[in-house]
Structures are given as structure tokens and as C-alpha cells.
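Written below as C-alpha cells is the structure these notes are about.
Derivation of every value follows stated rules applied to the coordinates shown; laboratory data play no part. Keep in mind it's a predicted model, so treat the numbers as computed, not measured. Note: ideal-geometry Cβ built from the backbone for every residue, glycine included; neighbour counts use all protein chains shown.
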Amino acid sequence: MTWLYNFLFIALPYVALTVFLIGTIYRYRGTKFKFSSLSSEFLEGKKLFWGSVPFHWSIIILFFQHLTAFLLPDAILLWNAQPLRLLILEVSSFILGITAFVGLFFLIFRRTTTSRVRAVTTSMDLILEGILFIQIFLGLWVAYGYRWGSSWFASALSPYLKSIFYLNPQIDVVAAAPLVIQLHIALAFVIVLLVPFTRLVHLLVYPLAYLWRPYQRVMWYWNKDKIRNPKTPWTLFPPKNN
Amino acid sequence: MDIRSQVSMVFHLDKCIGCHTCSIACKNIWTDRKGAEYMWWNNVETKPGTGYPTKWEDQGIYKGGWEKNGDSISLKGAGKFKGLFNIFHNPHLPVLDDYYEPWTYKYTDLIESPEGDDQPTARPVSLITGKPIDIKSGPNWDDDLSGSPDYARQDPNLESLSPGEREAMFQLERMAFYYLPRICNHCLNPACVASCPSGAIYKRGEDGVVLINQKVCRAWRMCVTACPYKKSYYNWSTGKSEKCILCYPRLEAGLAPACMHSCVGRIRYLGVMLYDADKVQEIAASDGDLVQNQLDMILNPFDEEIIKAAKANGVADSTIKAAQNSPVYKFVKEWGIALPLHPEFRTLPMLFYVPPLLPVMASISEKNNKAQSEQLDPIAKFWDDQWLYDTSTEEIWGSVDQVRFPMKYMASLFTNGDEEKVKDVIRKLMAVRIHRRGKTVGDIDSVKVEKVLSDTRMSADTADEIYYLTSLAKFDDRFVIPPAHREQAFEMLEHTSDMKGATGFGFKEAPSRGM
């Protein structure tokens, strides 16, 4: 079994992260036109609400919870020091997990049953939705069956994830973990691997910059102030405004 | 003062015959593609009518445009917080059914069906799903008041009318309509630009054309909501929003946009106007007469000071010259007979409309009710000569008040409810006709003509100029397009030496749907 663990928890993460990094950068630079959330709300707007809104909000919060437990395990452990706070965290996360699960179920249902949405559905969309569905299901199973996940993630899994980034993978803990948890981890890396090949790229271009840009945007061919200023040195490319 | 030039247009609605040639020219060039079949960057609507998409003027439904918020303005249905909060599901987004489901016919069935007892038919099939559909609506389903109970009576502009006035409009013998061609307004304070979370939409500094960068658009769909004119469309196939580009590749080559060039009624005029960009936000948030405020922002291109300031700001000499010859400036500023569409949306639209004189001006009256009834054919019930369809100028301004088309309705479209303003324009248009009739036919005496002209604060020369530009203008009078200075524009796209020996400029990536 060692070879399998080596593959799933050492090889797969590195392959996934490399492909993710190179793939997304290549795709962003080479095929900018294909960076899109590919919204289908225009074709079907009512059912989408019941799927998209619960799914997105809860999956975002859950993602940041995982990220916090990975990056700041001590903070999570400190929070969990009191049983009541642990319970609040676990219960609210579990509810969010169920919300995401139900939301995704609605989304899959909508995508497969609405003929207009089916017209813009690729096989990759279905594969991705299937994987996410399984992943959230596994996550719920882990949360329910192996309590308390927030604590042992912070104390046991965070060192493993960090060891990957330190290029010194330590897989003893994950190799000893129950199968469900192992699957959840491996599938997470598969999702990372798939990002550049699916519509998931849209989460990398979430328009946060909108918050601090002025509302109006005007673009000029050239920066007319600079081009008219005799002190501007001559360059191969004329100074642009934007 | 930050003087910029803006390519602007005037539509003379009196001359529009509603032939949709402009729409077809635009469709053939730009939107005859998968995902864009339902888009009509240029469309022609019958007024009263609900338009395309259905009831686009009703911002209670679509939440487009800006709304006054204290001293400033904010986007009604989008904006930084509303936009990012609603990004996963935009509650005010018009969906396909608000436009129409595009379709084609299975023509091959006509020739490839097996022999049988029945005549083969070409069934309509959806261009989205490919399945047979029942056609329920199209982009101009309400043309010429067809289906009035469903369309014309649902016109959001009728809300300003009393129920009685509304009924009067739809009496058969009083019924009137006119056409309203619409393209993107290339606004000075565009709501679509402000609403785009990705920052993909921008206004070109040199000519004011509003464009969507297809490589930056991420399908957050906020521009579709924010544009109160619903002139930003979502391409469901490529996952990118698209809008009228004012045929900028043609403009840069000195050609009129396709819709304008193909207009058979010659209703369209295009030219540049100079405006003060520093005032945009102030004017967009201003109180009072929105139309007048907007016109105040447009500057006189003959003023020495303004020419100096424009030059200092980098406006090319050729552009200033074009602004002086601009037919749009004449219609909008000098003569004051063109009005913006729905100024209350506060986007400062730069398309202007000369309101239609007919059918507005014609009034009908019954000469003698009793005699009329006796003469009425009991079977055919046609109206005979006792009904007077009055286009005369007996009472000079009286007929403005007795119009078939309520002034309130026109005011709700063009002047934010200011009836006097519309009446003033109508009077001016009438004065030109009276003046010309006096001159050419000679059956109106000169005292009356002079009174008419002085009432409308016009000189005989001005009236002649309006007449010339309305009726006799040649192509070069109607379209005054300044050189685009492509030597500058070119380098915006690519550096020429980089592309030496390559296949060409522009899109090197096929515009197909992402994974």
C-alpha cells in the first residue's frame, strides 16, 4: 500500500499543484477569451437561484474555513479550546456543508433537466459537478463520522499540507487516517488539478478589484499628457494611459 | 475644463418609416452568430409599445440606470456592493424569454421528407436547443400596434397618463403610432461601465464609443441589468456580454455606421460634439431640468476659448473642425429640436431624437355630430368627410393642444415629463413647415409666418437651414465623421514591427466558448 499512499499524497499533490500553476497561467495568458464564469442564468433564471446562491456562499465560507485551519491551525485550536465554541464551529460548518450539498444537487438537477441549459453543458461541466458532489458528500461524512474535524485538521492535517509546500512531504498521519478522509484529501487535489481544464478558473478572477476602482473607465490610445510633453523620452512603445 | 469629443447621433423620427433596414444591416454585419441570434444591437420599436426586451423602460422590473441618492447618484440594480452580493444570481437580469427565443425553420424537411399524403412543412426549431418550438414572440412582435392589448397598452410610458387619456389613445379612429429606432446611446455617464465588476467595459477617450473588452468580460452579467436601455446583451454561447460598437471599424475608416448608412428614410445624422468631461458627474446628479443641464454641458465649438482648451487637451484640429460642421450640434444645441431618450435614467445618453410631428400634430374633430350620424353607412360604418382630419394651420398653436398623441406621453419619453419642452420643439418643427409653405406655396400670409417664427424664437434663415438639413441634406451633410487618426489607433492594438510577417492584427484566439 505504500506505493499507493506515495502516489496519492505525494505525487498527486505535486502534479496537481504544478499543473494548476502552469495551466492557469498559460490559460490566462494564451486563451483569455475562455476565462469566464459561463453563467447560464440568462437561459434559466429561476431554478438557478435555489442552487447557485446556497452553493456558492456556503462553499466559499467552507473553503476559507479549510484555508484558516491550514494556515492558522493555532487559531482554530485556540477557538476550539472551549467545547461550546467548538460545537458552534462544527455545527455551523456542518449546516453549511449540507447547504452546499443541497445547492449543488439543485444545480446538477437544473443542468441535466433544463433543455436550454443542456445546450450549453459540456461533459467537463458534468464531470466537475459529479466530483464536487462526491467531495462534499465525503466532507459531510468526515464531519459526521470522525469528530471533531476542525481540531484534528488543525493539529494533524495542517502539518501534512505544510510539509508539501516545504518540499518535505510527511505522509505518516494521512496514511494512517481512515479511508473516507484519505479519499476527501485525494479528491481535493484532483479538483485543484482540474481547475485549468474547467470553468473553475472563474474563481481565480473573482472581481474584488471592483471595490476600489472608480466607477467610470475611460481609455485612450495613448497617454496624451505624456506624449505631448517634450520631456518624455522616446520609447519603442508609446506611453499608454491604461 | 477637460474637453473631449463625443460621436453623437440624431434620429429624425418624423422621417422614420419603420422598415427595419437598419436592424437588418446591423444583424448581417455583427450579430449573425451563435449566441448572438437574439441580439438586436439596433432595433426599431413601435410606440406606444412594450419594445424589446419587453417593457425595457420599466425600471421597476429591470432596475437599470442611476437613481438619485441624496446629492449623488448610485446604480439602481448594480454597483459595488449590490453587484458583488448578487454575483451568483442576479435577481434583475432579463432572461431569454424577456427577449425571445431565436428560431429557424427545418427547411430541409420540405425536400427530404418521404412521400406521403400530407404536404411537408418546415417546422420552427429553437436555435438554442435545436428542438421544435412554438414561436411565442419575436423582437418586433408589436410592430405597427399589432397585438395592442398585450403590447401597446402595456407601454410603461402610459403610466403618466390618466385612464381616460389612455383610453382615448386607443380609440380606433384616434389611434396613432410612430417608430423609435434604438441603438446603444454611448452615454457620457454609462451605467454599464460603472456596473462591470471586471472592468471590461470602457468608454473610448477619443470618440466616446463604449466598448466591452471581450477578453476581460467574465459573464458577471451586471451590465445587462445596469443599462436602462437594455442595450448590453449576454451571449449565452461564448459567455461574454456584447453591445453595439457604433461600427467603430467603419467609423475609423471614415464610413458611417451600418445602421446609419443603410437608413432609407435618411433619418439619421452623425457628428461629433465637444463636452466638458469634468462636469459629467455633477450634471448626472443634478436637479431640475435634466435635458437643459445635459445640453449645457455640450460646448460651442466656435468659441475661441473652447477651441483653445480643446487643443490643449489633445483634441485634434480635424475633430474640432468636424464639431463645427456637426449636424448633431445644430439639431441639439443651435436649434434645440432634438431631445435625449429618457434623460431621467441619468446616464447622459448621447443619442438625440427629433420628436415626430405627425401623428402628433394632426388632430381630428367632428364637424357636425348629427349630420355625421345620418350620413354614416349603417353597414360599412366608414367615416365620411364630416370627420375632419386636421393638419391645417388655421389656429396656429391651438392644434398642439389638441393633438391625437398626448403630449404627456411624448414628455415621458423625451423630457422627463416636461410637456412644455416637447411642445416647444413641436412648435419649432411646425414653424419650419409654415415658413416653407409660405415661401413655396404662398397661401400663408407673411404676417402670420413672421408671428410663427418670432413665437418660436427663430429667424427665417434658421428655418431654412432646418428645412435643408431635414429634407435636402446630402450624405456628407448628414455624416460628418472626423478622421480617426488611425496612425495613433493602430498602435493601441499592436506594435507594427512585432507583427511583421504575421497573419494580421486583432483576435488571434478564436472567440469560442471556454471549457
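Here are the numbers for this structure:
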item: Eligible lysines near B:K308 by straight Cα distance, threshold 29 Å, same-chain separation 8 or greater; result: A:K224, A:K226, A:K231, A:K240, B:K203, B:K279, B:K321, B:K330, B:K333
item: Cα-centred dipole magnitude for the protein assembly as shown, charges only on beta-carbon of K, R (+1) and D, E (-1), debye, nearest 20; result: 2820 debye
item: Residue with peak Gaussian network fluctuation, chain A [Cα springs, cutoff 10 Å], from A:K231, A:K46, A:K34; result: A:K231
item: Aspartates and glutamates with Cα under 12 Å of B:K243, excluding same-chain neighbours fewer than 8 positions away; result: none
item: Karplus 3J(HN,Hα) series, Hz, for the stretch B:87-99 with 6.51 cos²θ - 1.76 cosθ + 1.60 (x for Gly, Pro); result: 5, 7, 7, 8, x, 9, 6, x, 9, 3, 5, 6, 8
item: Residue of A:N80, A:N229, A:N168 that the Gaussian network model of chain A assigns the largest fluctuation, springs spanning Cα pairs under 10 Å; result: A:N229
item: Computed E for A:T31/B:R33 - FRET, C-beta separation, R0 25 angstrom, nearest 0.05; result: 0.85
item: Qualifying chymotrypsin sites (Phe, Trp or Tyr not before Pro) in the stretch B:258-348, DSSP loop, other Cβ atoms within 10 Å at most 16; result: B:F302
item: Residue order, fewest to most surrounding Cβ atoms within 10 angstrom, among B:K279, B:K231, B:K448; result: B:K448, B:K279, B:K231
item: Shielding by partners - mean other protein chain Cβ count within 10 Å, residues of A:98-109; result: 0
item: Potential extension, B:E165-B:Q119 segment - 0.36 nm per residue separation minus Cα distance; result: 11.6 nm
item: Order of B:S148, B:S454 - criterion: other Cβ atoms within 10 Å of each residue's Cβ, fewest first; result: B:S454, B:S148
item: Cβ-based exposure ranking for B:M9, B:M222, in which fewest neighbours within 10 Å come first; result: B:M9, B:M222
item: Pairs from A:K34/B:K136; B:K131/B:K215; B:K15/B:K428; A:K32/B:K82; B:K80/B:K230 whose Cα-Cα separation, in the structure shown, is over 24 Å; result: A:K34/B:K136; B:K131/B:K215; A:K32/B:K82
item: Degrees between helix A:12-30 axis and first principal axis of chain A (Cα, 0 to 90, nearest 10); result: 20 degrees
